[in-house]
1. Of everything in region 14-55 that's assigned to a helix (DSSP H, G or I) and exposed (fewer than 10 other Cβ atoms within 10 Å of the Cβ), which residue is modelled with the highest pLDDT?
2. Test residue 68 against the criterion of being hydroxyl-bearing (Ser, Thr, Tyr), within 12 Å of the chain's Cα centre (by Cα) and crowded, with 17+ Cβ neighbours inside 10 Å, and give yes or no.
3. Applying the selection to region 38-65, what residues are more than 13 Å from residue 109 (Cβ to Cβ), within 10 Å of the chain's Cα centre (by Cα) and of a type outside the set (A, V, I, L, M)?
4. Does residue 50 count as in contact (Cβ under 8 Å) with a residue 12 or more places away in the chain and out of contact with any Cys (no Cβ under 9 Å at 6 or more places or on another chain)?
5. Quick one: is residue 5 part of a helix (DSSP H, G or I), among the charged types (D, E, K, R) and exposed (fewer than 15 other Cβ atoms within 10 Å of the Cβ)?
6. Could you tell me which residue of region 61-92 is farthest from residue 36 (Cα to Cα), considering only residues that are touching a helix residue (DSSP H, G or I) at 6+ places or on another chain (Cβ under 8 Å) and in a loop (DSSP other than H, G, I, E, B)?
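The values are calculated or read from the model by the stated rules, or taken from the named source; none is laboratory data. In this text the structure is predicted, and so the values were computed from the model without any measurement. Heads up, the Cβs are rebuilt from the backbone with ideal geometry, glycines too, and the neighbour counts pull from every protein chain shown.
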Amino acid sequence: MPGRRKPDHLKLLHGTFRPSRAAQAHVELPLVNGTPEPPEWLTNPHAIGEWRRLAPILAANRLLTEASLGPFALLCSIHGALVQASAAGTAPHASLLAQYRAFANDFGLTYAGMQKLRPYPAPSPAAEMNPFEALREWGDAR
C-alpha cells in the first residue's frame with residue numbers, strides 16, 4: 001500500500017529489516033520552564049514588548065522549547081521592524097511581511113498555524129507508573 005511504512009519490528013519478523021533504512025529515533029527537545037528573558041541583542045522596544053507578551057503564552061501551551069528560542073526572537077525582531085516602519089509612515093517590505101507570516105504560522109499564531117501545530121504532550125504520572133502496579137494493588141485488596 002503506497003504511503004504507509006511497515007514498522008521496523010514487522011520487518012525484523014519477516015526478515016526484511018535493513019539497518020540503513022531504519023526509522024531514526026525521535027529526540028525530545030527540552031521545554032522552557034517559566035518565561036524566558038529576551039536575548040540581549042533584541043534591542044527594539046516593540047520587539048521586547050512582543051517577546052514579553054507572547055513568551056508566557058507559548059511557554060504555558062508547551063510550544064516554546066530551548067531550540068525554538070532563536071526563531072521566536074527573530075519573530076519578535078521582525079515584529080518590531082514592522083511596527084517601526086508603520087510608525088514612520090512607510091510601507092513595510094513584502095519580504096518582512098512574508099517572513100513574519102511564516103514565523104507566525106510556525107508558532108501557531110495564526111488560524112492556519114494552529115491547525116497544523118501539535119504541542120508537546122504533558123508528562124503524565126500514570127504513564128510513568130509500572131503497568132503491573134495496579135494488578136499488585138488489586139491482589140492485595142482480595
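1. So, considering only residues that are assigned to a helix (DSSP H, G or I) and exposed (fewer than 10 other Cβ atoms within 10 Å of the Cβ), the one modelled with the highest pLDDT is 14.
2. The answer is yes for residue 68.
3. 62, 65
4. When the stated conditions are applied, residue 50 does not pass them.
5. For residue 5, the condition - part of a helix (DSSP H, G or I), among the charged types (D, E, K, R) and exposed (fewer than 15 other Cβ atoms within 10 Å of the Cβ) - is not met.
6. So the residue we want is 91.
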